[in-house]
Amino acid sequence: MTNIVQKFMLAVLAAAIAGGLSLTAPAQGTPAPPPPKAKIKFPTAPPDRSYDRSTNEKAIAVAPNVNMTLCVTEGDLRVNGWSRNEVRVYVEGGPKFAFKVVDKGPDGRPVWISTVNAEPRPGGNNECIRGETVEVDLPRGASLNLTGKAIDAEVDGLRKVTAKTVGGDISIRNIKEGVSAYTGEGGVTVEEAWGQISLETTTGNIVVVDSGPSDIGDTFRAKTNSGAISLTHVTHRALDVNTISGSVLFSGELKSGGTYAMSTTNGSIAIALPAMTGCKLAATFTAGSFKSELPFKILTDNIAPDDLKSIVANVGPGGDAVLRLSSMAGLIGIKKQ
Amino acid sequence: MTTNCLDIGIIQSFLDGELSGSEITRVSDHIADCDACAMLVSHAEDENAIVFPALAREFNAMVPTQRLWARIEDSIQIEKNAAPWWQKLSGALSHLLHPQIGALAALLIVVGLFAIYKLSGPAPAPSNEVARAPRTTAAPTIVNVDTLPPSTKNVAAPVARSTQPTYENASYRAPRRVTTEAPLNSSSVQPATATDAAYLPGEASYVKTIASLNKSVNGDQDPNVMSASQQVSFARDMAVVDNTITRMRDAVKKNPKDETAKQMLSSAYQNKIDLLNSVAQKQELVASLR
């Protein structure tokens, strides 16, 4: 009996010691097993496709007078008119894209389409496509509404063009019914464009050759802050040309009843007119001078040294076209063609 | 072709817009007559066109000028003043959230409460009479010093110094400081209300428009909007336009009936508005393409 009691006491003592050890073990610094951790997946950056050399090409049948909205963020853009009722877009060295039909005509053919980026960057603008080279073919009767970031754009042979880019040169030619172009930094060149024309650049030159109205009342407007404006054979009857730091050059005819306003704050104005031109001239200048190779008869003048000078005169036989020239610091000159 | 050609330094200054009005006139007249100088100007412009884009990154990372710093500080101050009171309160409390500062503040509060308790003496026993008592308990008590025992003379002396009741206006808030916010570009645009009398007829609306455009253009300056060369061009064009405005204002003041000067002044103001609008337009376009 005593033996059984002793064995029981020893067992209780052993259990107590084992329990004590197990309780003190963590306090002595034995590492506890770590709690299970949830696996964290770090987001991986999307693959950079800026140097992707792949080419993508798509085409869609459209109405002949389709309106295309196009946004291109990078690359050289060439838009051409062709004699097929189809839009084709070819992108070299850029992500994939798709057409988006915004509206359809009565015959079911798209009358308004746009392109979208099929591989947009996270948080990026998926309305814009990009590439090293972007080529677009549109029906000749199409109108283009272009927005761009840093692109050099060439547009040829369409009905109407509206282009607005942050930077880069814009070259437009052979347009039937109007051009509106704006670039934040770059030159604008327009050739053989007809209709209402409005051109603007912040820093860059504007050059227009062989252009005119397509309808009565179409006007011409060109404006740059830092750059020259050169107009050759522009036949609009209402012309408004303005630059702050740059010269204005005009070579062509003045239409009867037209109003031609050209001004620069810091630059010269040079006008080349046919020898038999007749118009009414109003010239204002401060520090520069006025010279004319064409005969003119002064109607009123206000010429005082170191002051604002103004001349109102009939050039040649006079006429109902009005030529308003203004330069705050530069020469105003009229030359014979 | 003239014999006295311009120095390249003068040509560069001309292109950078650093010359005065009369010098600009002289140089532009000379260039108009001198083919060699016109060629030099053309070369210099070409060089600028190459150099500025190449150095655009360096120019964009330029050290902020003193004027820029001043404008930044002004903007910060204006934002601080415009912040609602709960933001200011939460900002102040956020400092206390630091454990050490919080502990220090708690300690100070405890010490302060203890000091107040000790200085205010034994608290009166709560009774309804005290609660009903009028607030004129601080009425002056006139104590005759001579009647006091010597041990209490020193203590009572300050009270007995004045036999007349004294009143002070308690103020728990610091006097509010009246500040007027200056426009961001106050150097170039004067506030319309202050100088309305000095404006020529029709000028005030231009000035107001320019002030609001200045605010929007200066308030949201994105380095992606204008490159270094564009910033130089913009500053030069702005200087040219401002110079024209000043000259035409003088001309109109001299002869208020001079319609040509008035017209030129209007077109100079319009040029300035267009110049600012061009920046705003570009900002808008850049934002829409993000």
- [ ] Would you check which residues across the range A:190-215 are among the hydroxyl-bearing types (S, T, Y), closer than 27 Å to B:V279 by Cα and surrounded by fewer than 22 Cβ atoms within 10 Å (Cβ to Cβ) and list them?
- [x] A:S198
- [ ] Answer yes or no as to whether A:I311 is of a type in the set (A, V, I, L, M, F, W, C), part of a strand (DSSP E or B) and in contact (Cβ under 8 Å) with a residue 60 or more places away in the chain.
- [x] no
Task: Subset of the range B:229-265 [of a type in the set (K, R) and over 27 Å from B:D16 (Cα atoms)] - done: B:K253, B:K254, B:K257, B:K262
Task: Counted residues, the range A:275-297 - those being outside any strand (DSSP E or B), in contact with a Gly (Cβ under 8 Å, 6 or more places away or on another chain) and either free of Cβ contacts under 8 Å to residues at least 40 places away in the same chain or of a type in the set (S, T, Y) (or both) - done: 2
Open item on the list: Just the residues that are within 14 Å of another protein chain (Cβ to nearest Cβ) and within 18 Å of A:A282 (Cβ to Cβ), please, taken from the range A:236-268.
Closed with: A:D240, A:V241, A:N242, A:V248, A:A261, A:M262, A:S263, A:T264, A:T265, A:S268
- [ ] Name every residue in the range A:140-184 that is out of contact with any Asp or Glu (no Cβ under 9 Å at 6 or more places or on another chain), free of Cβ contacts under 8 Å to residues at least 24 places away in the same chain and surrounded by fewer than 23 Cβ atoms within 10 Å (Cβ to Cβ), in order of residue number.
- [x] A:T162, A:K164
Open item on the list: Which count do you get for residues in the range B:16-45 that are surrounded by fewer than 19 Cβ atoms within 10 Å (Cβ to Cβ) and in contact (Cβ under 8 Å) with a residue 40 or more places away in the chain?
Closed with: 2
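So that you can scan it fast, the table gives a plain yes or no per residue for (1) loosely packed, with under 10 Cβ neighbours inside 10 Å; (2) at pLDDT below 70:
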{"residue": "A:L13", "(1), (2)": "no, yes"}
{"residue": "A:T30", "(1), (2)": "yes, yes"}
{"residue": "A:F42", "(1), (2)": "yes, yes"}
{"residue": "A:E74", "(1), (2)": "no, no"}
{"residue": "A:R84", "(1), (2)": "no, no"}
- [ ] Taking A:G187 as meeting all but one of (1) surrounded by fewer than 20 Cβ atoms within 10 Å (Cβ to Cβ); (2) more than 14 Å from chain B (Cβ to nearest Cβ), write down the number of the exception.
- [x] (2)
- [ ] Could you list all residues from the range A:280-337 that are within 14 Å of another protein chain (Cβ to nearest Cβ), in contact with a Lys or Arg (Cβ under 9 Å, 6 or more places away or on another chain) and among the acidic types (D, E)?
- [x] A:D301, A:D307
Task: Inter-residue pairs, beta-carbon under 9 Å, first within 14 Å of chain B (Cβ to nearest Cβ) and in the range A:59-71, second of a type in the set (D, E) and part of a loop (DSSP other than H, G, I, E, B), 6+ apart - done: A:T69/A:E127; A:C71/A:E127
Open item on the list: aliphatic (A, V, I, L, M) and within 30 Å of B:S229 (Cβ to Cβ): is that true of A:L254 in this structure?
Closed with: no
Open item on the list: Return the residues of the range B:267-290 that are hydrophobic (A, V, I, L, M, F, W, C) and more than 10 Å from chain A (Cβ to nearest Cβ); say none if nothing qualifies.
Closed with: B:I273, B:L276, B:A280, B:A287
Open item on the list: Here's a check for you: in the range B:248-266, which residue that is surrounded by 20 or more Cβ atoms within 10 Å (Cβ to Cβ) and more than 7 Å from every other protein chain (Cβ to nearest Cβ) is farthest from the chain's Cα centre (by Cα)?
Closed with: B:V252
Open item on the list: Residue under question is A:E132, and the condition is that it be farther than 22 Å from A:P110 by Cβ, surrounded by fewer than 18 Cβ atoms within 10 Å (Cβ to Cβ), away from every other protein chain (no Cβ under 13 Å) and modelled with pLDDT under 95; does it hold?
Closed with: yes
- [ ] Give me a count of the residues in the range A:190-232 that are more than 14 Å from chain B (Cβ to nearest Cβ), assigned to a strand (DSSP E or B) and modelled with pLDDT under 95.
- [x] 0
- [ ] Pull up the range A:155-176, narrow it to residues that are more than 24 Å from B:A228 (Cα to Cα) and not in a strand (DSSP E or B), then point me to the one that is farthest from the other protein chains (Cβ to nearest Cβ).
- [x] A:K176
Task: Selected residue (only one of A:T300, A:T265 is crowded, with 21+ Cβ neighbours inside 10 Å and either assigned to a loop (DSSP other than H, G, I, E, B) or of a type in the set (S, T, Y) (or both)) - done: A:T265
- [ ] Would you point out which residue out of A:V234, A:V241, A:V188, A:V248 is over 19 Å from A:L146 (Cβ atoms) and under 22 Å from the mean Cα position of the chain (by Cα)?
- [x] A:V241
Open item on the list: So, B:E18, is that one out of contact with any Pro (no Cβ under 9 Å at 6 or more places or on another chain) and either modelled with pLDDT of 80 or more or within 30 Å of A:T264 (Cβ to Cβ) (or both) or not?
Closed with: yes
Task: Per-region count, the range A:298-308, residues touching a residue at least 12 places away in the same chain (Cβ under 8 Å), closer than 18 Å to B:D29 by Cα and touching a strand residue (DSSP E or B) at 6+ places or on another chain (Cβ under 9 Å) - done: 1
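The values are calculated or read from the model by the stated rules, or taken from the named source; none is laboratory data. Bear in mind that the values here come from a model prediction, so they are computed numbers and not experimental data. Note: ideal-geometry Cβ built from the backbone for every residue, glycine included; neighbour counts use all protein chains shown.
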